[in-house]
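Structure, as structure tokens:
The values are calculated or read from the model by the stated rules, or taken from the named source; none is laboratory data. Being a predicted model, the structure only gives us computed values, none of them experimental. Methodologically, a virtual Cβ is constructed for each residue, glycine included, from the backbone with ideal geometry; neighbour enumeration extends over all protein chains shown. Note: accessible area is taken over every heavy atom of the protein model, side chains too, but ligands, DNA and RNA are not part of it. Shrake-Rupley method; radii C 1.70, N 1.55, O 1.52, S 1.80 Å.
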Amino acid sequence: MRRKKLALAAGFCLAFLLGTLLNLLCVPGFDHQQQQLQNGVTPVPLIAASRQGKGSSQDLLKQLQERYKEVIRYREHQAPVSATVRLLLRPLERRLMDLAQRSSSENVHKPENSKSSIPDLSPVSPLSSKIDVSLRPPLLSCQDITNGSNVRYLGSGYTKAVYKLVLNDTVSVALKSVDFGGHDIQNCVQLYRNLEDCYRLASFKIVKEMILLQRLQHPNILQLYGYCYQDSNDISDTLTTITELGSPLEMIQLLQSSWEDRFRICLSLVRLLHYLAHSPLGSITLLDFRPRQFVIVDGELKVTDLDDASMDGTSCSSNADCFMEFPARNFTLQCSVEGKCQNMNEKRNLYNAYRFFFTYLLPHSAPSSLRPLLDSIVNATGELRWGIDETLAQFEKILYMYKNGLYLPNITHAPMAEYKQVADISIAEEDYRCWPSYHHNGCLLSVFNINEAIKICESHSQCQAFVWTNQTTWTGRQLVFFKAGSRNLVPDIDKITYLKLTS
């Protein structure tokens with residue numbers, strides 16, 4: 001039985017790797033390129049242009065102007081921040097606010113090359129060295145970066161580099177800035193021979209992301225804490241943003257986690273996509289939709305990269321113009337009487353959620369009674385028969401059933417053995433492994449009630465006892481340690497041990 005489970009897990013992981021490789025390699029960046037073409041933005045042909053020699057400075061100026069106009073357009077779609085939102089600061093944000101106030105009182109004089117203040121929202125030239133677009137004074141600024149410690153490089157992408165910074169030896173944040181050694185800067189400099197303007201072009205992506213992180217307030221969107229303009233690499237006023245720090249999304253680790261945690265990741269994603277479909281800026285699509293664009297914060301999925309997000313709808317004159325192409329299949333949506341493809345941003349997000357998340361994380365090792373509902377979600381989103389509203393409703397239904405034990409069979413289960421209850425006692429060691437478990441070297445599972453715990457114990461041939469812990473999961477379910485023996489009983493307050501007496 002154990003070999004069969006290991007073989008099944010290995011086969012599933014192999015299928016996941018092959019599927020992900022197909023998604024990433026068949027059409028790399030295709031969604032992003034298609035949207036650029038549909039919106040009338042012509043990507044710069046970097047390789048072809050480099051063969052022709054040095055690019056025209058007018059070409060670079062035109063790109064700067066177009067990207068600047070995009071930044072201004074997103075800024076002018078400003079959503080008002082309500083007094084309620086301003087008052088209901090999260091605990092970490094309050095800590096950051098206290099830290100910022102303490103730093104400002106301790107350091108009256110700031111370094112001359114560290115500039116951060118209440119932002120000026122007046123329009124500036126796209127060639128300006130500094131663009132302030134913050135909706136409100138930042139919680140953190142350059143002085144906090146200067147006073148931070150333990151700076152550690154985390155990684156980089158096409159445009160940005162990310163670092164970890166510890167503030168006041170307690171709070172960890174992420175720093176994002178343009179990567180001078182990244183592909184974006186290097187290709188631009190090779191083409192135009194102008195580092196400063198190439199930096200400005202790349203920095204507009206960070207500015208746009210900063211705007212969106214402020215405009216779009218949702219629990220599954222990374223929090224922006226502040227920003228800083230400093231001189232760097234002989235360029236004045238280079239921009240660094242200070243954001244919430246998350247853990248990278250490791251799909252292989254997720255596949256080895258409990259179904260409950262995997263369902264939480266998918267639920268977080270669906271709630272995010274529902275918000276993006278009805279955001280204050282209109283329907284927003286994530287053009288670069290891949291697992292690497294997300295992080296995990298306290299078990300919740302959060303989107304971290306928004307520089308490739310778009311609120312632009314696709315214009316059309318017929319249904320044929322509303323064509324969406326993916327590696328596995330294609331879709332044609334309806335063209336509305338207003339000349340816009342109906343729900344294209346929403347449907348693109350939803351299908352990407354299906355192909356990168358739902359198909360791998362949802363059905364496997366789920367409670368048997370919930371699998372038909374989960375299969376319906378996977379099938380309906382894979383065929384785009386549902387919109388995001390219906391998809392979220394189905395997820396919330398499953399969550400309600402799971403939290404309230406409605407997935408359990410109504411038939412009363414008669415235990416095969418008797419169990420003796422011993423309070424304030426636990427069992428040291430005596431562990432065995434089961435899958436999936438919250439503990440790598442033991443069998444730690446969540447249950448709805450004592451009857452489910454007994455049923456699980458009787459389904460495991462090794463189980464001779466189980467310990468009812470004082471810990472619960474994010475759904476409020478109890479964590480229970482299943483044990484292979486009961487020889488090493490130890491005192492442990494708030495724990496209850498159930499010993500199997502007969503077999």
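Odds and ends about this structure:
- Scanning region 225-265 for residues that are touching a Lys or Arg at 6+ places or on another chain (Cβ under 9 Å) and on the phi > 0 side of the Ramachandran plot turns up just one, D237.
- Test: residue in region 169-181 that is out of contact with any strand residue (DSSP E or B) (no Cβ under 9 Å at 6 or more places or on another chain), farther than 26 Å from L201 by Cβ, at pLDDT below 95 and not in a strand (DSSP E or B): yes
- Leading residue by the ranking (farthest from the chain's Cα centre (by Cα)) among those in region 470-497 that are closer than 30 Å to D298 by Cβ and charged (D, E, K, R): D492
- Within region 215-253, restricting attention to residues that are of a type in the set (D, E) and open to solvent by less than 60 Å² (accessible area, probe 1.4 Å), the residue that is farthest from S156 (Cα to Cα) is D237.
- For region 439-457, a tally of residues being part of a loop (DSSP other than H, G, I, E, B), over 19 Å from M401 (Cβ atoms) and in contact (Cβ under 8 Å) with a residue 24 or more places away in the chain returns 2.
- Test: residue in region 266-277 that is in contact with a Lys or Arg (Cβ under 8 Å, 6 or more places away or on another chain) and open to solvent by 40 Å² or more (accessible area, probe 1.4 Å): no
- Matching residues, region 214-235, being modelled with pLDDT of 90 or more, aliphatic (A, V, I, L, M) and assigned to a strand (DSSP E or B): I221, L224
- Restricting F263, F289 to those that are among the aromatic types (F, W, Y) and outside any loop (DSSP other than H, G, I, E, B) reduces the list to F263.
- Listed conditions (1) modelled with pLDDT of 90 or more; (2) over 23 Å from the mean Cα position of the chain (by Cα); (3) of a type in the set (A, V, I, L, M, F, W, C) are all met by L121, apart from (1).
- Single residue of region 268-321 satisfying the filter (over 17 Å from Q253 (Cβ atoms) and of a type in the set (D, E, K, R)) that is nearest to the chain's Cα centre (by Cα): D305
- Residue count for region 429-438, restricted to those that are over 14 Å from E260 (Cβ atoms) and part of a loop (DSSP other than H, G, I, E, B): 5.
- Test: residue in region 171-186 that is among the small types (G, A, S), without any contact (Cβ under 8 Å) to a residue 24 or more places away in the chain and open to solvent by less than 50 Å² (accessible area, probe 1.4 Å): no
For every residue, the table says whether it meets (1) closer than 27 Å to E346 by Cα; (2) in contact (Cβ under 8 Å) with a residue 60 or more places away in the chain; (3) in a helix (DSSP H, G or I).
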| site | (1), (2), (3) |
| --- | --- |
| Y360 | yes, yes, yes |
| S365 | no, yes, no |
| D375 | yes, no, yes |
| N379 | yes, no, yes |
| L384 | yes, no, no |
| A393 | yes, no, yes |
| M401 | yes, no, yes |
| L406 | no, no, no |
| P409 | no, no, no |
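- Count of residues meeting criterion [touching a Cys at 6+ places or on another chain (Cβ under 9 Å), without any contact (Cβ under 8 Å) to a residue 24 or more places away in the chain and either open to solvent by less than 20 Å² (accessible area, probe 1.4 Å) or within 27 Å of T475 (Cβ to Cβ) (or both)] in region 287-332: 1
- The residues in region 458-503 that are of a type in the set (D, E) and either free of Cβ contacts under 8 Å to residues at least 24 places away in the same chain or assigned to a strand (DSSP E or B) (or both) can be counted, and the count is 2.
- Note on region 376-405: residues that are touching a His at 6+ places or on another chain (Cβ under 8 Å), open to solvent by 20 Å² or more (accessible area, probe 1.4 Å) and not acidic (D, E) amount to 1.
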